[in-house]
Each structure stands twice: as structure tokens, then as C-alpha cells.
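The values are calculated or read from the model by the stated rules, or taken from the named source; none is laboratory data. Note that the coordinates shown come from a computational prediction; the quantities given were computed from them, not determined experimentally. Please note: Cβ atoms are built from the backbone with ideal geometry, for glycine as well, and neighbour counts cover all protein chains shown. Quick note on the areas: whole protein, heavy atoms, side chains included, nothing else; ligands and nucleic acids left out. Shrake-Rupley method; radii C 1.70, N 1.55, O 1.52, S 1.80 Å.
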Amino acid sequence: MNQSFNRQTLRQRLRPWFDGFDAPLVCAILLLCACGLLAMYSAGFDHGTRFVDHARNMLLAALILFTVAQVPPQRLMAMAVPLYTIGMLLLIATALFGVTKKGATRWLYVGVVIQPSEILKIATPLMLAWWFQRREGRAQTRHFVIAGVLLLLPAALIAKQPDLGTAILVLSAGFFVIFFAGLSWRLIVPVAAVGVIGIVALVLAGPTLCEPGVNWVVLHDYQKNRICTLLDPTKDPLGKGFHIIQGMIAIGSGGITGKGFMKGTQTHLEFIPERTTDFIFAAYAEEFGLIGALVLVAGFSFLILRGLTISFAAPSVFSRLLGGAITMSFFTYAMVNMGMVSGILPVVGVPLPFISYGGTAMAMLGLSLGILMSISRSRGLMQR
């Protein structure tokens, strides 16, 4: 008796692994990865193996994205409390037994050296999304207060290290969860108004407050210097103001169309500090000009809009809040990095996603995008 067996093709075997992947989101990721590789090759071709390592980090991030995308949001929700608890314990251990480098205690030795604050970039919005999922449709004022405490605890410990840049990122990710959960505008507007008034007062009183010997009680000296340098970088053009001035010169000299690939003088004559990490946007804008910068901004804008579309269509409160917070974190990263390089915001250690060199940052990027893709897949599979 002849028996015929229907053997699945390789495409049929792989299809279940990719079902539900959001094609527009993948296109946005590929565009930004292309910009990142282009910028890194030019800025880092004579920086050892930076370009090769950057490409390797992107492949690692892609593997993380693909793996996390296979995990349904329900399992991610089950990880929220344990991951947040472990992260907080590691932060406390860092404060007590951490490794200090250049005056900052941000690292912990557990066989290998780790930076626990990176865990909280994901663990905090996970925890807050879980918190509001448990109170679906019944969130009251006290629940928002408790959520605020859950957010402020890790942010305060990170700021104490000190690591203001990471603290801002954790705060923003957590705030977006609380905002999307229904935080009243009556609470947001007064705080925003106080912030605007404080910024205006700081600008007006800057010359007096930035005088030598004036002590800022809330901030460390280096944080005070960053703000004062932002207000007037020309006071110390070869010292504290050097980063901002050179970044603005590079961006401005790029003009409309840029100087051309591999032809950035500020970049290749090494006037731009940290040209492959925090200040890579200045190198990119010098060579590709306003048009190149607009392409990059358009890529981030499309990524954010697509992420919000996926999040708002998610089937659960947890998925909507987590997806929305992760998506808006990309906005925070891009805005803070481009703002500090352009002289609009103080210089803090915030990388530009896809563009800046950094293995840990790229891995976290893959994790974040994997969660977004998981949310997209869960929605697609439920509709079948």
C-alpha cells in the first residue's frame, strides 16, 4: 500500500513563529537600523571595531526581539512582581555594596559586574501596568498614590547613585503608565505649571545662581555645572561647555544637505566628544544635514505612532498600558538625546536608540520592541 505523507515546507514550519508580526513596525525598525549602521560606519570606522560591534549588537537585539515576541503578554504580566522585586533588591545592594567608578556607585558585582538600574527601565512600567490591570475599571485616588510610590522608590535610588539620566528614563516610563491609566489633568496641569515657572525663574536668575560658591541643595555640583553650562556654554568653551558648543557647530555646519558621507570635518578631526555614543547625532547631522535629520525624526515618529496604534488596540489593560509606556519611552530617549546635543537640554547620559553604540542599551531596545511585537501578535491571534 502506498502511503503519501504531506510534508510541511520550511516556510510552513517557520510561519507560526512570525504570525502576527507587525509589518509597519518592522519597516520602521529596519529604517532606523539602516541609519544607525550608516552613522556608526562613518563616525566609528577608525574607532577600533565599533561598527562591527554595533552590527553584532543589532543582531543580538533582533534575536531578543524575536524571542520575547513569542512570549504572550499574560506571561510577561506574571513576571512583573518578581522582576520589580529583584530589581529593587539589587538597587539596595548597589547602594550598600556597589562598585564605585568616577564618583558614581551604579554597578554591582555578582560574579560579573551588572548595572541594576537597567533592569528597572523595564521592571518599573511592567509593575505599574500589572498594578492597574489588577484594578481594571476601579482605579481610585489611593491607587494612583501607591503607583506614584512604586515609581518614586527606584527613581530615587537611581538618582542617589548618582545617575540622573537613567532616573529620568525610569520616571518617564512609569509616568506614562500612570498617565494612560487615567491620571487626572487636574493633577498634571498644576505640576506642569510649577515646572514651567521654575524653568523661567532658573533662566532669569541663572547668572546669579551659577556664580562660584553658590550651593544648590538639591543637586550635586556636576549636575549644577551641567545646567549652568546649558544656560551659557561660552563661559567655559574649552572645558565644561566644549561638548555643547562642538555639537551645535557640527549640526549647524551640516546645513540642508550635509557635508556628505565620511566627510564631516568636526567628526573626523575629533572635535565632537563621544562621537559614537551620546553625541553621534551631531556627527550624523553634520554629514547628512537637515534632510538626514528629518529622515531620522520621521523614522522615530513613525515608530512611535505605530507603537501607540498597537498599544491602543491591545486586548487588555496591562498590554495597553505597558505598550503605551514603552512606545513613549522611545520619544523620551530621542527627545532628550537630540535636545542635549543641540544645546536645548542639559548633557545627560542618554543614548539615541538604534544610532548610539552600546551593547546594554541595544539589548534593552530589543527587549522593548519584543514586548511591543508580543502585544501585536496577541491581538492578531485573538482575532482569528
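Per the listing Ile249, Ile197, Ile272, the residue uniquely at pLDDT 80 or above and buried (at least 19 other Cβ atoms within 10 Å of the Cβ) is Ile272. Taking the stated definitions as given, is Val71 free of Cβ contacts under 8 Å to residues at least 24 places away in the same chain and either open to solvent by less than 50 Å² (accessible area, probe 1.4 Å) or under 29 Å from Ile280 (Cα atoms) (or both)? When the stated conditions are applied, Val71 does not pass them. When you look at Ser172, is it within 30 Å of Ser311 (Cβ to Cβ) and surrounded by fewer than 19 Cβ atoms within 10 Å (Cβ to Cβ), yes or no? Taking the combined requirement at face value, the residue does not satisfy it.
Specify the residue that is nearest to Leu209 (Cα to Cα); the eligible residues are those in region 222-280 that are among the charged types (D, E, K, R) and not in a loop (DSSP other than H, G, I, E, B). Applying the filter and picking the extreme gives Lys224. The condition of being of a type in the set (Gly, Ala, Ser) and open to solvent by less than 10 Å² (accessible area, probe 1.4 Å) holds for only one of Gly264, Gly239, that being Gly264.
So which residues in region 220-236 are of a type outside the set (D, E, K, R), open to solvent by 50 Å² or more (accessible area, probe 1.4 Å) and closer than 25 Å to Lys160 by Cα, if there are any at all? Those that are of a type outside the set (D, E, K, R), open to solvent by 50 Å² or more (accessible area, probe 1.4 Å) and closer than 25 Å to Lys160 by Cα: His220, Tyr222, Asn225, Leu231.
Yes or no, residue by residue, for (1) surrounded by fewer than 17 Cβ atoms within 10 Å (Cβ to Cβ); (2) within 22 Å of Arg135 (Cα to Cα); (3) of a type in the set (Val, Ile, Thr); (4) under 21 Å from the mean Cα position of the chain (by Cα):
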| residue | (1), (2), (3), (4) |
| --- | --- |
| Tyr284 | no, no, no, yes |
| Leu290 | yes, no, no, no |
| Leu296 | no, no, no, yes |
| Leu303 | no, no, no, yes |
| Arg306 | no, no, no, yes |
| Ser311 | no, yes, no, yes |
| Val317 | no, yes, yes, no |
| Arg320 | no, yes, no, yes |
| Gly323 | no, yes, no, yes |
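Is it true that Gly165 is closer than 30 Å to Ile86 by Cα and either small (Gly, Ala, Ser) or modelled with pLDDT of 90 or more (or both)?
When the stated conditions are applied, Gly165 passes them.
Within region 151-167, the residues that satisfy the criterion of being touching a residue at least 40 places away in the same chain (Cβ under 8 Å) and either open to solvent by 70 Å² or more (accessible area, probe 1.4 Å) or under 17 Å from Leu89 (Cβ atoms) (or both) are Leu153, Pro154, Leu157, Ile158, Lys160, Gln161.
From the list Gly148, Gly182, the lone residue that is over 18 Å from the mean Cα position of the chain (by Cα), touching a residue at least 12 places away in the same chain (Cβ under 8 Å) and open to solvent by 30 Å² or more (accessible area, probe 1.4 Å) is Gly182. Scanning region 360-384 for residues that are open to solvent by 30 Å² or more (accessible area, probe 1.4 Å) and either within 19 Å of Asp163 (Cα to Cα) or under 11 Å from the mean Cα position of the chain (by Cα) (or both) yields Thr360, Ala361, Met364.
Taking region 84-95 as the search range and keeping residues that are in contact with a Leu (Cβ under 9 Å, 6 or more places away or on another chain) and open to solvent by 50 Å² or more (accessible area, probe 1.4 Å), which one is modelled with the highest pLDDT?
Ile92
Of the set (1) without any contact (Cβ under 8 Å) to a residue 24 or more places away in the chain; (2) open to solvent by less than 50 Å² (accessible area, probe 1.4 Å); (3) out of contact with any Pro (no Cβ under 6 Å at 6 or more places or on another chain); (4) of a type outside the set (S, T, N, Q), all apply to Gly206 but (1).
Candidates Phe21, Phe45: the one that is hydrophobic (A, V, I, L, M, F, W, C) and closer than 13 Å to Met373 by Cα is Phe21. Per the listing Leu345, Leu372, Leu322, the residue uniquely under 16 Å from Leu32 (Cβ atoms) and either out of contact with any Ser or Thr (no Cβ under 8 Å at 6 or more places or on another chain) or part of a helix (DSSP H, G or I) (or both) is Leu372. Of all the criteria given as (1) assigned to a loop (DSSP other than H, G, I, E, B); (2) open to solvent by 60 Å² or more (accessible area, probe 1.4 Å); (3) free of Cβ contacts under 8 Å to residues at least 12 places away in the same chain, the one not satisfied by Glu136 is (3).
Tell me the residue from Trp130, Trp107 that is under 30 Å from Ala314 (Cβ atoms), open to solvent by 50 Å² or more (accessible area, probe 1.4 Å) and aromatic (Phe, Trp, Tyr), please.
That would be Trp130, the only listed residue that is under 30 Å from Ala314 (Cβ atoms), open to solvent by 50 Å² or more (accessible area, probe 1.4 Å) and aromatic (Phe, Trp, Tyr).
Take Ile280 and tell me if it is modelled with pLDDT of 90 or more, touching a helix residue (DSSP H, G or I) at 6+ places or on another chain (Cβ under 8 Å) and of a type outside the set (Asp, Glu). Yes: the conditions hold for Ile280.
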